[in-house]
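Asks: Starting off with a structure, shown below.
The values are calculated or read from the model by the stated rules, or taken from the named source; none is laboratory data. Bear in mind the structure is a predicted one, so any value in this text is a computation, not a measurement. Here Cβ is always computed from backbone atoms with ideal geometry, including for glycine, and neighbour counts include all displayed protein chains.
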Amino acid sequence: MNLRYALLLGTGFAFGAVAGPQFGPLLAQHSPFGTALAQDVEQNASDAKPGAKNDHDETYRLLTLFGDVFEQVRAGYVSPVTDRELINNALNGMLTGLDPHSSYMTAKQFADMQVQTSGQFGGLGLEVTSDAGLIKVMTPMDGTPAQHAGLKTGDYIIGINGKSLEGIDLSDAVDRMRGQPGTKITLSIKRQGKDKPFDVTMTREIIHIQVIRSALYGKTAYIRVASFDEDTESGLRKAFEALKKQAGGKLDGLILDLRNNPGGLLNQAVAVCDDFITSGAVVSTRARNPRDSQRMDAHGTDITDGLPVVVLINEGSASASEIVAGALQDHHRSITLGVRSFGKGSVQTLIPLSGDNGAIRLTTARYYTPSGRSIQGLGIVPDIKVRETREDDSKYMLREGDLAHIIKNEGGTQTPPQPRTDLPPIAKTIPDAPPANWPAFDLSKPSTDFQLQEGLKVIAAMSGHPMPAEAPDSSAKGGKQPDQQGPSTDSAPHTTH
């Protein structure tokens, strides 16, 4: 483990090891770090620069307060609680109180996450987060029971099998939604814009994480990227080559679909940018310590050889998907179509803790697009705005700016981006919403996907070739890609199940 992360771990345990006359010995018994860390704090105090003594005195007072509260709860709470429960709650509160994406995972939660990232698990196919004590849907995964049932980003899950989730934390709620494949579950849903909650009954399945899905519409390649896992870039490249071969070696362009992509690994986002951008900055990250800040440049080869590219985004496009959309937009390598993205401009690092004590997910940097802008709380604004439905439900959509205590948008250029002058003439004719008679969206029928259909029109116009009346209703296909732990832009704290 990186020494910096090890010291961070040590500081966290030190808070408990010296807090109060009773709490200190208690932690020393339960933690192998207790005595050593208490001595470390004493050493830090003795080595402190002149003028720092008051800071250490205040730290000791706060640690004593923590110990006093611990003892009061331990002794007087209405039901017996274990020391581990109290410490786990304290650690989680320490991290979730910083920003919406930092969190503590117990050993069980960490193990569950590792099972999820292995590529398949039992459940409904939802990514959820905690929002003001409520369970909120971030993303329904492609081809899962949740997506087939019509759950949407921003839905609140208020009950499971007739029992309220009021007062239930995120991990407990997720545990209740998991179960044996083939068993039924009923979720009570509150949706913004609807007066009354409604129930949705689904059957749990083994969820196969299918990162890359692809299809050929005429001579236009379509590739959907559901998340950024360790094999995303290689999967995208293979899918493109297969579609090119299927088209007889000649394509008109590519639609890269990043809608409802919640993010993933930073290095994979950079690698995907390398497939379209040959030189220049892709993304820069700025950490608390300038030595940990970095700029990542493109050193790739354009796999399309300059073909027109349209990137589809929506309010569920977050983090790593925003890095890709922002880089291609800043380099004028693509035309972005859809609605404003989620707006998560931070990077998290997953730090396993020693002694089978789980892990923490810690926000360690902000990121910036090639032009130096931060999209934190703002999102990527599409070049061509196109809604999925006629109803303008943007006010009901969950975005970063709607979450509690988000980190500030700072450090980036404050100059508003200039309107693009290189958009094709068809951009001015694209409607921002479907016509009144447009059919309801059906995942199995691309002809009902209005944003996709408008993207195909843009590709056809840029390539100079006519477009079919509508894309054929054939399922997109592709292979499963595994996930990975490590530095990422993943939109935590959220849980997949």
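Asks: Kindly establish whether Ser374 is surrounded by 13 or more Cβ atoms within 10 Å (Cβ to Cβ), without any contact (Cβ under 8 Å) to a residue 40 or more places away in the chain and either under 22 Å from the mean Cα position of the chain (by Cα) or under 30 Å from Leu95 (Cβ atoms) (or both).
Replies: It is true that Ser374 is surrounded by 13 or more Cβ atoms within 10 Å (Cβ to Cβ), without any contact (Cβ under 8 Å) to a residue 40 or more places away in the chain and either under 22 Å from the mean Cα position of the chain (by Cα) or under 30 Å from Leu95 (Cβ atoms) (or both).
Asks: Which ranges mark the helices (runs of 4 or more DSSP H) fully within the range 137-246 that have 3 or more residues being at pLDDT below 95 and buried (at least 20 other Cβ atoms within 10 Å of the Cβ)?
Replies: Filter on the range 137-246 gives 170-177.
Asks: Can you tell me which condition Thr364 does not meet? The list is (1) in a strand (DSSP E or B); (2) out of contact with any strand residue (DSSP E or B) (no Cβ under 7 Å at 6 or more places or on another chain), and all the others hold.
Replies: Thr364 satisfies every listed condition except (2).
For every residue, the table says whether it meets (1) touching a Ser or Thr at 6+ places or on another chain (Cβ under 7 Å); (2) under 25 Å from Val225 (Cα atoms); (3) assigned by TED's automatic domain parsing to the domain that holds Ala318.
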position: Val128; (1), (2), (3): yes, yes, no
position: Asp155; (1), (2), (3): no, yes, no
position: Lys184; (1), (2), (3): yes, no, no
position: Arg191; (1), (2), (3): no, no, no
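Asks: Further question: So Ser279 clears everything in (1) of a type in the set (Gly, Ala, Ser); (2) part of a strand (DSSP E or B); (3) without any contact (Cβ under 8 Å) to a residue 24 or more places away in the chain except one condition, right? Which one?
Replies: (2) is the only condition that Ser279 fails.
Asks: A further question on this structure: Going through the range 412-423 one residue at a time, which ones are out of contact with any Gly (no Cβ under 6 Å at 6 or more places or on another chain) and either surrounded by 15 or more Cβ atoms within 10 Å (Cβ to Cβ) or of a type in the set (D, E, K, R) (or both)?
Replies: Arg420, Asp422, Leu423
Asks: Turning to a different aspect of this structure: Looking only at the range 306-325, decide whether some residue is touching a Cys at 6+ places or on another chain (Cβ under 8 Å) and modelled with pLDDT of 95 or more.
Replies: yes
Asks: Here's a follow-up. Please list, ordered by first then second residue, the pairs with beta carbon atoms under 7 Å, 6 or more apart or interchain, first in the range 161-187 and in contact (Cβ under 8 Å) with a residue 12 or more places away in the chain, second among the polar types (S, T, N, Q) and surrounded by fewer than 12 Cβ atoms within 10 Å (Cβ to Cβ).
Replies: Correct list of pairs: Lys184/Thr201; Thr186/Thr201.
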